[in-house]
DNA sequence: AATAACAGACCGACCGTTCGGTCTGTCAAA
DNA sequence: TTTGACAGACCGAACGGTCGGTCTGTTATT
């Protein structure tokens, strides 16, 4: 086992526990059981529990940004790309990881984590703003401030998943996502005069 | 001090701690210090920490619903009411309480809490759906499914605060809220043909 | 005297962290 | 080819501290 492999093994086990019991209830003893690595081994690779949390944080944020980047670099209209981003996030929500909600809650009371989160939202906003600008250039979006609009898009996206994941009945989460993105596109669109 | 007063005193102190350190780090010993009530006293009024959390949960959700109810019962167009709800929530976010974010995160891994949350979102959705129906009846909103639209409105509202509270720079949170509600109203509005 | 409403010392369980020791593999000297 | 020195990776018992919760004692009211 190389250094990187063991680290990844520990991190992945940590995500598994966090998905079940929440980040707040992630204990080192549980992590020992779930990862198959001993206490000492874990502390050989990470100098504290906080460092593990930070590593998980970075892992999730980087993954999210790279998903967005991949979508943006594809060909297609701004409208199509926006729909794609919402649908991808939908898949991610159904995936193995705990909701980002837990991470945000953690960051709310931790300075170093919230700094990372700010950096994340910054680059997220920049990327979506470019997309909005593309839509404006294509003539499909009304010429609103791309930065403000980008924040609204991100807010809606995050909100849909926050509510969707909390509101368990969720007869049809997919339909809700589609409806949200359609509402969004209506709001962004240029009106025929 | 009556029973109800002491209970409230404990709950309010708990909110104060939660706002500073998060719900996950709310300890009974801290609560003793902050509330001015001893361990024995607290456990006289609440049979466990979980019961305190549950009481806080209900407190926040009931407060939110009553704010929405008050706004809905006022006179005015659906458009005006929607703007008002967003602005009220903005004030609440600047208030003394911790972000609901923490509560949602807690509920995500606690069955009894998530049940309460589902009930909350249910009545929230019903109320907003009525508002959407009002807008449709007034002829300002396009005739979309009021229930789905209501969920989208709630999602955007929650998302705006989630992102707004996490994304600390927040040059101008008020402007962001205004922009969000405007985008929303554009999306909901009936198109001129 | 009886009881409601506390106060605060105290409890065992569990927390994150440390630390002495072990195991495996590498590599140079014999 | 064997041997011995060494290093990195890992183990798990143990530690101090904190956790939620309990217990006995006290006070004020009835």
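Please treat every number below as a calculation from the coordinates, not as lab data. None of the values given here were measured: they were computed from a predicted structure. All Cβ positions, even for glycine, are placed from backbone atoms using ideal geometry, and neighbour counts span all protein chains on display.
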*Please average, across the residues of B:139-152, the number of beta carbons from any other chain that are within 10 Å of each residue's own beta carbon, and give a whole number.*
3
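Roughly what % of Cα-Cα distances in chain A sit above 25 Å, to the whole percent?
Working: 8090 of 18528 pairs.
The proportion of pairs with Cα distances above 25 Å equals 44 percent.
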_Nearest-ten-degree value, helix A:111-138 long axis tilted from longest Cα axis of chain A_ = 30 degrees
*Take every residue in peptide B:115-124, count the Cβ atoms of other chains within 10 Å of its Cβ, and give the average of those counts.*
2
*For label points placed 7 Å from Cα toward Cβ, what is the shortest-first list of nm distances from residue A:145 to its copies?*
3.4
*asked:* Measuring nothing but label to label, 7 Å from Cα along Cα→Cβ, what are residue B:182's distances to the other copies in nm, shortest first?
replied: 2.6
*Starting from a label point 7 Å past Cα on the Cβ side, list the distances from residue B:48 to the same position in the other copies, nm, shortest first.*
3.2
*Against the longest principal axis of chain B, how steep is helix B:173-188, in degrees 0 to 90 to the nearest 10, with axes from Cα atoms?*
40 degrees
*Helix B:146-166: angle to the longest alpha-carbon principal axis of chain B, degrees 0 to 90, nearest 10?*
50 degrees
*Roughly how crowded by other chains is peptide B:173-180, in terms of the mean Cβ count from those chains within 10 Å of each of its Cβ atoms?*
3
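In deg cm²/dmol, rounded to 500, what helix-only [θ] at 222 nm does chain B give when every DSSP H run of at least 4 residues adds -39500 (n - 2.57) and the total is split over its residues? All intermediate terms of the calculation are to be shown ahead of the outcome.
Numbers: 9 runs with 148 residues, N = 193.
That comes out to -25500 deg cm²/dmol.
Subtracting the Cα-Cα distance from 0.36 nm times the residue separation, let me have the gained length for residue A:12 to residue A:25 in nm, one decimal.
On the way: separation 13, 0.36 × 13 = 4.68 nm, distance 1.59 nm.
Gain on extension, residue A:12 to residue A:25, equals 3.1 nm.
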*With each label point set 7 Å from Cα along the Cα-Cβ vector, what nm distance links residue A:122 and residue B:74?*
3.8 nm
_I need B:84, A:87 ordered by Cβ neighbour count within 10 Å, fewest first._
A:87, B:84
*For region A:59-193, calculate the relative contact order in percent as a whole number, restricting contacts to Cα pairs under 8 Å that are 6 or more residues apart.*
30 percent
*Cβ-Cβ FRET estimate between residue B:58 and residue A:130, R0 fixed at 45 Å, reported to 0.05*: 0.55
_Peptide ranges A:132-141, B:9-18 listed from the most packed, as the mean C-beta count within 10 angstrom indicates_ = B:9-18, A:132-141
